[in-house]
Amino acid sequence: MNPFYYLNSPKAIALFFISFFLSLNGYGIDLYVARTGNDKNPGSKTRPFATIAKAQLAARKIKGPVTILVREGIYYLDKPVIFTAEDSRPAGAPVTYKPYPGEKVVISGGAALNLRWETYEGDIKKAVIANDIQFDQLYINNEQQRMARYPNYHPASSHFGGYAEDLFSEVHTKQWKNPEGAYIHALHKHEWGGYHYIVKGKDAQGKLEMEGGFQNNRQMGMHDKYRFIENVREELDTAGEWYFDKKTKTLYAWPSAKTDLEKASVLSPQLKHLFEFRGSSDKPVRHISLEGFEFAHVRRTFMETKEPLLRSDWAIYRGGAVVLEGTENCAIRKCYFNQVGGNAVFFSNYNRKDEVSGNTIAHAGASGVCFVGDPGAVRSPSFEYNQFVALDKIDKTPGPKTSNYPAECTVSDNLMFGLGQVEKQVAGVEISMAMDITVSHNTIYNVPRSGINISEGTWGGHIIEFNEVFNTVLETGDHGSFNSWGRDRYWHPDREKMDRITSEHPELVLLDAQKTIIIRNNRFRCDHGWDIDLDDGSSNYHIYNNVCLNGGLKLREGFKRIVENNIIINNSFHPHVWFKESEDVFRKNIVLKPYYPIGITTWGKEVDYNFFPSEKAIEAARKNGTDKHSMYGDPLFMDPANGDFRVKPESPALKTGFKNFPMDQFGVMSGDLKNRAAKVPLPITMIESEKEAVTAISWLGSKLRNVQGLGDRSAYGLPDEKGVIIENIPATSILSKSALKVSDVIRTMNNKPVNSITDLIDIYQEINWTGKSAIEVMRNQQLIKTNIDLK
């Protein structure tokens, strides 16, 4: 057919004018993609495209708003979909990629394998792989399998699903004939994140040769206990495990008893990224949204986590299932990130006014949402804790050098849980070298480190509000549900020198932390650290209207922090090693324990008008010269058993200036996310005036009660009526992994007497970030001394 005839045909002219009229009037054009489509089709509902990439090219030619509707099914990508400045849209004509209404669409980075299995030995099957396939993970019938590992995976284990102190003993290494390509995963020596190594072989003595260990910015070596190895042929010894022999291109698998491999779907992730937005500050990608997709089968990236962040404990990989760099007004909404191998969403360098909202991020290998700017935008940067810039060489200009960093972006109404399945220096939301990031109404739980982390003071302005964050610091230590570091350009590893620098040059302390960071209206709970942990020089914060349910609030070093109108349940304020001229403020807060100061010689600008649980607690504070106008007593919470810690109108706490704030606005807002989110464990409040009333408690998943009366004394062979009896220890309880047993009577912990549940909780607050303690129990009428690790 003559092409000029087609272009001048009545049908073509009509379609042209319809499209033109719709674009002028702001109406959208719909394009369609279906697995049964064809990229030679026009992309209509009845004649859809076959690929998202083809729809992307078609959208570039349409001036008005475009919606690309993807029909139901799994779409296997052989390379990421990459948006560039060519895809950029004006404000009134965005492009939205989404599933067709009511249909489920999975965007997969995996390769579906059609294999011929044969028996290898016992329950182990094998199949030869004909194509060039990466084997980083394996899914059988959509269930993720485990690389053959030692020790075997056990979900109740506290770290890595199983760890082995004897990992490098000759008993094991000798039987591993060819461990080349195996991976070793370990915690940091001080439990500050983790390390990962690839085994290159064995030396002449039979010891493993390894490369890696660059994933943490505080180099101290791997932990002596918390480590395991995977991808070892000889460790393929249980159902659910697999191993791939690269030399023979043979896949070995031990399927579960219910799995028929001949009929099973088998899939291996191939891609590290599914969607990439690749623009720049000069040519940004604008007004493109991804909505409603499931993202799955994305490779792990732990061996590429190499880039050190500014003086924090972090190293980072600038990637994720969705990567955004050089964007404006782009969004990821209502998507499901299903077991992606690394980060879920990563904002790198220049990004402005972007949005991540309504998503579920479950069991990611690394972090949920990361914002990481360009170190080249930082003035006088240092990259390791012990590095510093000499005073006479520090750039004294405030703020960033360039605009190459994320700013004015929002992370809201997202459900995140089970993160850090592979990497342990992770967070639900990670912020580094960024400005004005809002983190609002997210529910984040079951993570190995923090829920929300700010790596340094560059450049502030963030708002952290209405979040629900709990079950954090599950596999690491010395951290919090919210964690931050300062370590900005004035930082010096020698504290005496830093004291002198900040005293003589106070103008330096806010050169990076320019804008105040606000933490408000959140509910935090950390059972292995602090609820709010401002560490190592975190400066310029305003923290108010937060509920801390267990771990308390810590301020270490830093400048110009205002902490007011917070409620700290069963814990208190932890000021650590403040600067002389910190100008810190702690006022109008309710605390249920005495303060826990460490290395405090000066108490900042104001510590007063707070409410304590007892006269003893307030007297201890006043000995430090603080809290002249503070008060004590029962705060009279309205309904603490159901999480309402507002105080009653007759509460004496109101006389300090404390004001109630809403207790029903924490966490995700969307109905479906609320229904699926786990509930935060609410504590039994341990108020001084009510201590004797607390006789039983659920603690770390087990039931405990006070010794009561002569009957208990006789039954347990006690010399008095003091102690705490362990009544049950379910398999899911942390205590199940300790030396403790049912019917033990705890008598001392951390070398302090445990006369009651109140004493137990008080002492546990002192050790909860390590979980380690000496303990004495009465068992079979004998006093037994042991050590416990409750992590």
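A short reminder: the numbers here are calculations on the coordinates, not readings from a lab. All values derive from a computational prediction rather than experimental measurement. Cβ sites come from the backbone with ideal geometry, for glycine too, and all protein chains shown count toward neighbours.
Observations, loosely collected:
- Antiparallel bridges, percent of DSSP beta bridges restricted to the chain (to nearest 5): 35 percent
- Set K189/K580; K54/K126; K247/K272; K61/K98 screened for pairs whose C-alpha atoms are more than 30 Å apart: K189/K580; K54/K126
- Taking amide H positions as modeled 1.01 Å from N, with prolines and chain starts lacking one, the residues under 5 Å from F347 and 5 or more places away or on another chain are L324, C370, F371, V372.
- Look at the dipole of the chain built from charges on Cβ: of N550, G341, V323, the Cα furthest out on the positive end belongs to V323.
- Alpha-carbon Debye profile of the stretch 266-341, log10 I(q)/I(0) at 0.27 Å⁻¹: -1.18
- Estimated vicinal HN-Hα couplings, Hz - the stretch 644-659 in sequence order (Karplus 6.51, -1.76, 1.60; Gly, Pro = x): 9, 9, 5, 9, 5, x, 8, 5, x, 4, 5, 6, 7, x, 4, 10
- With the convex hull constructed from alpha-carbon coordinates only, the stretch 714-768 shows a mean projected area of 4.2 nm² over all directions.
- For the stretch 112-269: rounded, prolate or oblate by the Cα gyration tensor [a/c cutoff 1.5]: prolate
- Residue-count net charge about V607 - beta-carbon cut-off 13 Å; Lys, Arg +1, Asp, Glu -1: +1
- Inter-part distance where the stretch 381-418 and the stretch 277-342 are each reduced to a Cα centre, Å: 18 Å
- Length-normalised contact order of the stretch 112-269 in % [C-alpha pairs under 8 Å, at least 6 apart]: 34 percent
- Distance distribution P(r), the stretch 168-237, all Cα-Cα pairs, bin width 5 angstrom from 0: 4, 18, 27, 23, 17, 9, 3, 0 percent.
- Degrees between helix 495-504 axis and first principal axis of the chain (Cα, 0 to 90, nearest 10): 80 degrees
- Interchain or long-range residues, amide H under 5 Å from I29's placed H: V66, T67
- Using θ = phi - 60° in the Karplus curve 6.51 cos²θ - 1.76 cosθ + 1.60, the 3J(HN,Hα) couplings for the stretch 102-107 round to x, 10, 9, 10, 10, 9 Hz; x is entered for Gly and Pro.
- Cross-link reach is defined here as a Cα-Cα straight distance under 15 Å, omitting same-chain residues fewer than 8 places apart; for K785 the aspartates and glutamates meeting it are D744, E776.
- Working note: Karplus 6.51/-1.76/1.60 with θ = phi - 60° gives the stretch 585-590 the couplings 10, 9, 8, 6, 9, 9 Hz, where Gly and Pro are set to x.
- For the residue pairs K554/K772; K45/K104; K258/K674; K497/K772; K554/K616; K515/K655, the C-alpha atoms sit more than 25 angstrom apart in K258/K674; K497/K772; K515/K655.
- Charge tally around A621: other residues with Cβ under 12 Å, Lys/Arg +1 each, Asp/Glu -1 each, net +1.
- Label sites at A715 and K200, each approximated as a point 7 angstrom past Cα along Cα to Cβ, lie 6.2 nm apart.
- Crossing angle, helix 10-24 versus the chain [Cα axis fit, 0-90 degrees, rounded to tens]: 30 degrees
- Between the stretch 645-660 and the stretch 470-523, the alpha-carbon centres lie 31 Å apart.
- For the chain, with +1 on Lys and Arg beta carbons and -1 on Asp and Glu, the positive-most of G599, G92, S756 along the dipole: G92
- Whole-Å distance, taken between Cα centres, linking the stretch 351-376 and the stretch 138-216: 28 Å
- Student exercise, the chain dipole from Lys, Arg, Asp, Glu Cβ charges, in Debye to nearest 20: 1660 debye
- Rg over Rh for the chain works out to 1.00, using Cα positions for both radii and the Kirkwood form for Rh.
- Overall form of the stretch 275-639: oblate. Here a/c, set by the Cα gyration tensor axes a ≥ b ≥ c, is 1.5 or more, and a/b is not larger than b/c.
- Expected 222 nm ellipticity per residue - DSSP helices of 4 or more, -39500 (n - 2.57), all of the chain, to 500: -2500 deg cm²/dmol
- For the stretch 694-789, alpha-carbon Rg relative to the globular expectation (2.2 N^0.38 Å, N residues): 0.97
- Close amide H partners of I517, meaning residues 5 or more places away or on another chain with modelled amide H under 5 Å apart, are G461, Y541, H542.
- Rounded if a/c under 1.5, otherwise prolate or oblate - the stretch 540-604, Cα gyration tensor axes: oblate
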